[in-house]
Amino acid sequence: MEKSCTLIVHFDKGTPALANEIKEALEANDVAAKIDALKKAIMLLLNGETIPQLFITIIRYVLPSEDHTIQKLLLLYLEIIDKTDSRGKVLPEMILICQNLRNNLQHPNEYIRGVTLRFLCRLNESEIIEPLIPSILSNLEHRHPFVRRNAVLAVMSVYKLPQGEQLLDSAPEIVDKFLSSEQDPSSKRNAFLMLFSCAQDRAINYLFANIDRIIDWGEQLQMVVLELIRKVCRSNKGEKGKYIKIIIALLNASSTAVIYECASTLVSLSSAPTAIRAAASTYCQLLLSQSDNNVKLIVLDRLNELKSSNREIMVEMVMDVLRALSTPNHDIRRKTLDIALELITPRNIDEVVMMLKKEVVKTQSGEHEKNGEYRQMLVQAIHTCAIKFPEVASTVVHLLMDFLGDTNVASAMDVVVFVREIIETNPKLRISIITRLLDTFYQIRAARVCSCALWIIGEYCLSLSEVESGIATIKQCLGDLPFYTVTDEGDGHDSSKPIQQVNSTTVSSRRPAILADGTYATQSAALETAMSPPTLVQGSLSSVGNLRSLILSGDFFLGAVVACTLTKLVLRLEEVQTSKVEVNKATTQALLIIVSMLQLGQSSALPHPIDNDSYDRIVLCIRLLCNTGDDIRKIWLQSCRQSFVKMLADKQRRETEEIKAKAQISNAQPDDLIDFYHLKSRKGMSQLELEDEVQDDLKRATGEFTKDGDDANKLNRILQLTGFSDPVYAEAYVTVHHYDIVLDVTVINRTKETLQNLCLELATMGDLKLVERPQNYTLAPESSKQIKANIKVSSTETGVIFGNIVYETSSNVLERTVIVLNDIHIDIMDYISPASCADVAFRTMWAEFEWENKVAVNTVLQDEREFLTHIIKSTNMKCLTPPSALEGECGFLAANLYAKSVFGEDALVNVSIEKQADGKLSGYIRIRSKTQGIALSLGDKITLKQKGSA
């Protein structure tokens with residue numbers, strides 16, 4: 001059996017002590033040496049040594065000592081030595097201990113009495129305890145509370161012994177009497193705990209006899225009262241009402257720990273709206289009054305649980321919850337916003353959005369370095385509000401547009417995506433948004449934000465004035481042309497910087513621009529204009545137009561977006577402008593800008609030339625402006641917008657489906673009993689009790705009391721550890737609880753002999769750790785034994801548990817038999833669960849994470865979507881790529897999958913597959929994560945499962 005110790009004693013394992021050295025130190029008169037020797041003796045005992053020769057030495061030389069530390073260590077020593085022989089009889093030398101313990105219980109020093117009483121709580125031998133009972137009871141009347149509180153615990157432990165009721169049959173009555181006269185809070189708590197554990201009826205009687213004074217009791221006693229109420233209400237649900245009144249009274253206690261426990265107990269026991277409202281209100285108070293961030297996070301978790309089961313009541317609390325945004329911690333803010341966004345209704349949306357707007361304005365002050373990240377969270381929250389309730393968009397969109405030039409690119413990107421969605425879903429706001437966007441466009445500094453803003457300008461500038469303003473804004477932000485000039489030496493320069501001498505003759509680029517059909521482009525007019533002297537003065541990048549500075553830094557994707565936007569604006573100008581001269585003038589100016597960008601990309605002025613994709617798009621714009629047809633015009637001016645509308649509709653549909661899936665509730669079985677509330681007797685029932693009864697009936701009717709039917713799944717988790725022909729059969733049921741694994745092993749003796757010292761020895765590989773040492777058991781012929789083993793998990797990684805069963809037979813004790821067990825593989829799927837993630841966040845993490853595992857596709861499946869579904873099912877991940885993007889038959893498929901582990905780690909997967917001519921699938925599955933464990937474990941799982949056999 002494993003030795004136990006109630007205190008940790010430091011021990012240097014590098015220098016094991018010898019028994020002779022310990023004995024000499026114990027016999028010496030040096031107190032410090034005795035203390036050190038006793039510690040070494042205790043550690044040797046805990047590590048499996050027996051050292052019986054020390055016992056008499058300790059009795060002779062250590063027992064008489066008056067030193068408190070020695071007495072404390074002596075009690076530890078006495079606790080862990082073997083007090084019985086092999087047959088379970090108490091050893092005769094233990095009589096010496098009895099006398100010493102009796103002396104200690106009558107010692108004039110209260111500390112010696114107290115620690116001895118505490119030691120008695122851990123003794124299981126009734127033969128040793130029986131002579132000490134009168135001394136224990138006399139200590140209940142000691143003047144010092146330290147002695148009294150430990151005496152009560154000693155009485156409880158004696159009464160709980162197997163023969164306890166014979167040893168001390170009047171214990172409940174004695175403690176009940178003691179409780180009525182005791183004043184010390186700790187002693188009262190221990191006495192009430194004794195009655196709660198051993199004589200529950202007496203504890204209940206005492207509770208109701210002192211019901212008016214409960215609020216004045218100490219914190220510890222109030223906590224035991226709540227534990228008693230939980231226990232009583234679970235066993236006797238009929239009396240729940242009167243106990244709930246006590247809990248609600250305790251909500252006014254001075255201790256925050258008691259208040260928290262009261263709220264938790266209310267939620268677990270009652271479904272009445274009054275009780276839930278009181279609990280929610282209590283949680284909100286704790287959220288604001290507690291300064292510890294961990295407490296706030298725990299309280300937010302409780303509120304989140306309430307939200308899922310009692311949304312109607314939590315809706316009333318949404319503004320109280322949002323006050324937690326004043327905490328500077330981002331985890332708390334994120335959790336607060338997540339809860340609040342699921343509680344918005346038409347009634348409270350205006351208040352919520354007003355609060356969020358105030359928080360956005362606060363982030364403009366540069367007090368905190370993470371203001372940009374917080375602003376991004378707020379923008380996303382406002383975005384969600386505006387999608388659910390479009391009428392609030394007009395109140396926030398203009399405020400948020402001030403942040404398009406935010407230095408936090410992610411925040412600015414969220415703003416521009418929000419604006420893009422609102423301008424489509426709220427046609428009334430189109431004119432004001434476009435006007436504001438054109439006014440603030442020059443402030444935007446990020447290329448991705450510029451690209452999205454340009455798309456909005458190209459799609460939603462509809463009237464003549466808007467189109468002309470759009471073209472003028474783009475021209476202003478691009479600055480004067482050309483983007484660079486060529487000096488006599490042929491070096492390229494930005495034309496915005498002063499140039500000593502400008503070559504006025506025609507300058508051609510290093511290679512001619514070739515159009516998509518293979519013909520050369522005529523550039524003479526454009527080039528003559530381009531060679532006019534630059535007018536922009538020298539300055540920093542901030543004084544140069546934002547588009548110009550980004551394009552000159554080599555961002556030709558943005559250049560292609562500028563070209564497309566100008567093309568759309570010119571095409572729309574043809575529809576709204578009656579003057580052909582103005583249209584031709586605008587077309588010429590657009591062509592000049594586009595050709596200049598192309599010229600810049602093909603020059604040596606920049607370290608990297610233009611990429612092929614951007615080049616093709618820009619050339620397409622040139623061809624389109626030179627020769628437009630009705631079909632092309634329809635694609636550019638209508639089809640793009642229709643695709644965007646379809647994307648928004650698809651997104652809305654998916655969100656609606658998810659909400660419906662979450663809202664599905666279980667139904668009761670057809671033969672379940674339903675109580676009819678109106679036919680019940682209401683005599684003597686308070687309003688709270690009536691509410692509670694009604695809510696219980698409703699839950700029973702709608703199946704909320706029905707537990708999930710996991711019995712079939714349990715059978716799938718049973719693993720056979722030994723063969724059917726082995727003398728010992730073993731199987732394990734594996735339960736994974738987030739941070740630990742419980743193995744429930746059933747061992748069956750299939751022989752006709754008694755198996756002695758049977759031990760289940762386990763070892764682990766990976767980030768798994770055994771919690772306790774194995775114990776020895778005796779197994780009768782053809783009998784079985786349930787053995788539990790706890791294993792701690794420290795990271796998301798596939799681990800292996802292996803081991804064997806060792807035993808001795810009664811016929812041959814000297815020979816030990818070993819049966820090797822099958823390995824138990826702990827699956828990574830038990831640790832990860834599907835999760836959602838924004839595309840931007842996914843790309844950011846994909847770029848940051850350093851561990852990548854690349855798995856080649858090798859499967860018998862021949863359909864791309866069927867293979868993707870199989871991978872999603874096998875890896876327990878969520879597909880972030882919308883179904884609409886996976887439609888169609890093109891022989892190629894790319895999708896992103898995402899999951900989160902219980903440890904908060906992210907798992908990213910990208911599936912890229914192609915259908916070959918022979919019908920087989922080829923490609924790669926890439927896994928990225930911050931830790932090596934997830935990448936390797938997921939890769940192994942996919943390699944194992946991808947063949948197609950589930």
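The values are calculated or read from the model by the stated rules, or taken from the named source; none is laboratory data. It should be emphasised that the depicted structure is a prediction, and the values quoted were computed from it without experimental measurement. When we count neighbours, we look across all protein chains shown, and the Cβ atoms used for this are built from the backbone with ideal geometry, even at glycine. Quick note on the areas: whole protein, heavy atoms, side chains included, nothing else; ligands and nucleic acids left out. Shrake-Rupley method; radii C 1.70, N 1.55, O 1.52, S 1.80 Å.
Below is a table of values for the structure above.
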quantity: Where labels lie 7 Å past Cα in the beta-carbon direction, separation of Thr588 and Arg641 in nm; calculated: 3.0
quantity: Whole-number Å³ per residue for the convex hull built on Cα positions in the stretch 715-826; calculated: 95
quantity: Sites Gln163 and Phe802, calculated FRET efficiency, Cβ-Cβ separation with R0 60 Å, nearest 0.05; calculated: 0.90
quantity: Over the stretch 830-946, relative contact order from alpha-carbon pairs under 8 Å, at least 6 apart, %; calculated: 35
quantity: Peptide ranges 20-26, 424-430 listed from the most packed, as the mean C-beta count within 10 angstrom indicates; calculated: 20-26, 424-430
quantity: Inter-site label distance for Lys428 and Leu464 at 7 Å from Cα along Cβ, in nm; calculated: 2.8
quantity: Spin-label model distance (nm) - Lys177 vs Ile80, 7 Å beyond Cα toward Cβ; calculated: 4.0
quantity: Cα centroid separation, the stretch 169-228 to the stretch 547-569 (Å); calculated: 79
quantity: 1.4 Å probe accessible area per residue over the stretch 830-946, in Å²; calculated: 49
quantity: Added length on full extension, which subtracts the Cα-Cα distance from 0.36 nm per residue, Ala847 to Val902; calculated: 17.5 nm
quantity: For the stretch 715-826: relative contact order, % (alpha-carbon pairs under 8 angstrom, 6 or more apart); calculated: 27
quantity: Förster radius 51 Å - calculated FRET efficiency between Ala894 and Ile59, Cβ distance, rounded to 0.05; calculated: 0.05
quantity: Cα-derived Rg over Rh, computed across the stretch 830-946 with Rh taken as Kirkwood radius; calculated: 0.95
quantity: Full-stretch length increase - Glu130, Lys752 - with 0.36 nm per residue and alpha-carbon distance subtracted; calculated: 219.9 nm
quantity: Residues Asn776 and Glu49, FRET efficiency given R0 of 22 Å [Cβ-Cβ distance, rounded to 0.05]; calculated: 0.80
quantity: Tensor-based shape of the stretch 276-422 (alpha-carbon gyration tensor, a/c under 1.5 rounded, otherwise prolate or oblate); calculated: oblate
quantity: Within the accessible area of the stretch 830-946 (1.4 Å probe), percent carbon and sulfur; calculated: 50
